[in-house]
1. Which one of these is out of contact with any Asp or Glu (no Cβ under 8 Å at 6 or more places or on another chain), of a type in the set (Gly, Ala, Ser), in contact (Cβ under 8 Å) with a residue 12 or more places away in the chain and more than 9 Å from chain A (Cβ to nearest Cβ): B:Ala96, B:Ala89, B:Ala143?
2. Just checking, which of B:Val46, B:Val86 is farther than 23 Å from B:Gln14 by Cβ and surrounded by 16 or more Cβ atoms within 10 Å (Cβ to Cβ)?
3. Take B:Ser83 and tell me if it is in a helix (DSSP H, G or I) and in contact with a His (Cβ under 6 Å, 6 or more places away or on another chain).
4. Among (1) modelled with pLDDT of 95 or more; (2) at the interface with chain A (Cβ under 9 Å from one of its Cβ atoms); (3) surrounded by 15 or more Cβ atoms within 10 Å (Cβ to Cβ), there is one condition B:Arg138 misses while meeting the rest; what is its number?
5. With the requirement that a residue be more than 22 Å from B:Met80 (Cα to Cα) and within 14 Å of another protein chain (Cβ to nearest Cβ), what does the range B:24-67 give you?
6. Quick one: count up the residues across the range B:113-126 that are free of Cβ contacts under 8 Å to residues at least 60 places away in the same chain and either within 14 Å of chain A (Cβ to nearest Cβ) or in contact with a Ser or Thr (Cβ under 8 Å, 6 or more places away or on another chain) (or both).
7. Determine which member of the set A:Val87, A:Val81, A:Val36 is within 20 Å of B:Ser24 (Cβ to Cβ), of a type in the set (Val, Ile, Thr), at pLDDT 95 or above and over 11 Å from the mean Cα position of the chain (by Cα).
8. Could you pull out the residue among B:Leu113, B:Leu78, B:Leu107, B:Leu122 that is assigned to a helix (DSSP H, G or I), more than 17 Å from the chain's Cα centre (by Cα) and among the aliphatic types (A, V, I, L, M)?
Amino acid sequence: MLRKLTLSLLLMIGSGATVLAHHGWGSYDASKPITVTGSIEASKYENPHATITVKTTDKVWTVTLAPVSRMQGRGASPELVAVGKTVSAYGYSSNVEKDEMRAERITIDGKTIEMR
Amino acid sequence: MLPEAPQILIALEQSGLAAAIRQSTWAYPLANVSHIMALTLFAGAVATMDARLLGAFAAAPPADVVRPARRVAMLGLLLMAVSGSVLFAAEASHVAMNPVFQIKAALIALGILNALLIGRALGAVLDDAPAFQPLPARIRLAAALSLTIWISVAACGRLIAYF
């Protein structure tokens, strides 16, 4: 009985490892960096990651930024990443979520701020 | 928000409390740190307890190690549950639908059930169990299972962010 439980446990963990990633840099395509430029339509200054919605000429991106404390520490204040600002986000598109990208750095008002 | 998550978890994620956790600069990181500190307390106590059940520290009568370690483990588990609830509430629908979190939740249930069964099996023998004498095989087996389960829980916890 115990042995069976242990075995099924290991199988469960093993199968978990094959499921696709949702979070972290691992689920972003670092081999093809992209730059998303447009106006900020929505801004969530929240943990665990701030996110902004950026409208470009052809689509609307969800751009994942950094945790709130890091944003503050580097000068990316809520006022800087506010709705209506024009942003240029350099980063990687998600392999999982459609039209989502994670920013390596963002440029707003002539200021470039690292997110990692 | 993940629309396919149970309604109650979507409601939790959209609650004022969850929003306050996300919008606070320090609530989320503080819960994160607390969760790991509680883990060290919990894992240390569990490892001590299970090691004694398996036959380590044989010079000490099992009760002298297992009873105090068990109290610390329960405190650690409580602190993990509190800090974990904060982390969970902030992203309830996402976390609940995360396959690794689902495995973790099942393993926690299994680990608690196993601990209760060990407690019951020990109830009859712990007080009279002398030093240097191995405990019954099923208790040792359950202690090994306990270690396996809780290490797996910790691994799953760390892996949630990557799946």
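1. Result: B:Ala96 is the single residue among B:Ala96, B:Ala89, B:Ala143 that is out of contact with any Asp or Glu (no Cβ under 8 Å at 6 or more places or on another chain), of a type in the set (Gly, Ala, Ser), in contact (Cβ under 8 Å) with a residue 12 or more places away in the chain and more than 9 Å from chain A (Cβ to nearest Cβ).
2. B:Val46
3. The answer is yes for B:Ser83.
4. (3)
5. Passing the criteria: B:Leu53, B:Leu54.
6. Going through the range B:113-126 one residue at a time, the tally reaches 5.
7. Going through A:Val87, A:Val81, A:Val36 in turn, just one is within 20 Å of B:Ser24 (Cβ to Cβ), of a type in the set (Val, Ile, Thr), at pLDDT 95 or above and over 11 Å from the mean Cα position of the chain (by Cα): A:Val81.
8. B:Leu122
The values are calculated or read from the model by the stated rules, or taken from the named source; none is laboratory data. Bear in mind that the values here come from a model prediction, so they are computed numbers and not experimental data. Ideal geometry is used to build each Cβ from the backbone, glycine not excepted, and the neighbour counts take in all protein chains shown.
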